[in-house]
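Shown next, in structure tokens, is the structure this report addresses.
The values are calculated or read from the model by the stated rules, or taken from the named source; none is laboratory data. All values reported here derive from a predicted model rather than from experimental measurement. Ideal geometry is used to build each Cβ from the backbone, glycine not excepted, and the neighbour counts take in all protein chains shown. Calculation scope for accessible area: heavy atoms of the full protein, side chains included, ligands and nucleic acids excluded. Shrake-Rupley method; radii C 1.70, N 1.55, O 1.52, S 1.80 Å.
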Amino acid sequence: MISVLLIGMGKFGRTLGEKLLGMGDEVMIVDKNEDIINSLSSKYANALIANCMTEANLASLDIPSFDVCVVAIGDDFQSSLEITSLLKDLGAKRVISKATTEIQRKFLMRVGADEVIYPDVDIAEKLAVRMNSAKVINYIDIDSDYSIFEIALPEKWAGITLLDVNPRGKYGMNILTIKRGREVISKLDGNFVFEPEDQLVVFGNTEQILAFTNKPEKKKK
């Protein structure tokens, strides 16, 4: 469980807040729009109507007490920039800010953001990957070169052992876990046998895995 200060309750902020609550986190929401806060206050133990561009308002929230501060403002970049800077000045442990362009990301990082997210860009990129490969279920970028992918089991692997498939040696991917229905299998050895409905969580070079998942499978004779 973590404590989160969530500033800006638009669509992204609301979705994030509900997910954090569902995970058992302590969430305090802040927005300058009274109607928005009034509509959400019954869901949150702490909800405040405030203009966070005012340093005194932010200082009153005891910023260092939160594990993470999220600036989820998407329609007013100047506000997002100033609030991000103020949070760091007030001792925030970690600040995650929302951006819509690369230039916004650069400015937010310069004023102290620890992480900058692009919700729309992330969704578009993931959709593009899934549209180009029926095998890719989801993926997470680790850095510019490596990612974690969740992929459907290649048909030709069914009934074959991990040792015989040799995914690391042949395809450059490390299998982290196997999802088999509701079961998650994390302890794998060379004698593990793949089943047709298995889903693989793999780590490796992004381009190499994408090339593998986009490669047409040869039908078994």
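So here's what we get for this one:
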| item | result |
| --- | --- |
| Residues that are touching a Gly at 6+ places or on another chain (Cβ under 9 Å) and either open to solvent by less than 90 Å² (accessible area, probe 1.4 Å) or in a helix (DSSP H, G or I) (or both), drawn from the stretch 32-50 | I36, L40, Y44 |
| Qualifying residues in the stretch 151-176 (those that are closer than 13 Å to E197 by Cα and part of a strand (DSSP E or B)) - the one most open to solvent (accessible area, probe 1.4 Å) | A152 |
| Search result, residues across the stretch 51-102 that are in a strand (DSSP E or B) and touching a helix residue (DSSP H, G or I) at 6+ places or on another chain (Cβ under 8 Å) | C69, V70, V71, V95, S97, K98 |
| Single unsatisfied condition, I29 versus (1) on the phi > 0 side of the Ramachandran plot; (2) assigned to a strand (DSSP E or B) | (1) |
| Which numbered condition A124 misses (of (1) closer than 30 Å to L90 by Cβ; (2) without any contact (Cβ under 8 Å) to a residue 24 or more places away in the chain; (3) not β-branched (V, I, T)) | (1) |
| Complete set of residues in the stretch 62-101 that are of a type in the set (A, V, I, L, M) and either open to solvent by 20 Å² or more (accessible area, probe 1.4 Å) or under 17 Å from the mean Cα position of the chain (by Cα) (or both) | V68, V70, V71, A72, I73, L81, L86, L90, V95, I96, A99 |
| Every pair of residues 6+ apart whose Cβ atoms lie under 8 Å, when the first sits in the stretch 1-20 and is closer than 13 Å to I96 by Cα while the second is part of a helix (DSSP H, G or I) and aliphatic (A, V, I, L, M) | V4/L20; L5/I63; L6/L16; L6/L20; I7/I83 |
| In the stretch 1-10, the residues that are closer than 21 Å to A113 by Cα and either open to solvent by 50 Å² or more (accessible area, probe 1.4 Å) or in a loop (DSSP other than H, G, I, E, B) (or both) | I2, G8, M9, G10 |
| Per-region count, the stretch 121-146, residues at pLDDT 75 or above, over 13 Å from T213 (Cα atoms) and either of a type outside the set (D, E, K, R) or within 16 Å of the chain's Cα centre (by Cα) (or both) | 5 |
| Neighbours by Cβ (under 7 Å, 6+ apart or cross-chain): first from the stretch 135-155, acidic (D, E); second open to solvent by less than 50 Å² (accessible area, probe 1.4 Å) | D141/S147; D145/N205; D145/T206; E150/Y139; E150/V201 |
| Flag for L210 being in contact (Cβ under 8 Å) with a residue 60 or more places away in the chain and open to solvent by less than 50 Å² (accessible area, probe 1.4 Å) | yes |
| Conditions (1) assigned to a helix (DSSP H, G or I); (2) over 28 Å from R110 (Cβ atoms); (3) of a type outside the set (D, E); (4) modelled with pLDDT of 95 or more; number of the one not met by K19 | (4) |
| Among the candidates V68, V4, residue that is hydrophobic (A, V, I, L, M, F, W, C), touching a Lys or Arg at 6+ places or on another chain (Cβ under 9 Å) and modelled with pLDDT of 95 or more | V68 |
| Hits in the stretch 104-127 (condition: closer than 18 Å to D76 by Cβ and in a strand (DSSP E or B)) | V116, I117 |
| Subset of the stretch 172-207 [without any contact (Cβ under 8 Å) to a residue 60 or more places away in the chain and of a type in the set (F, W, Y)] | F192, F194 |
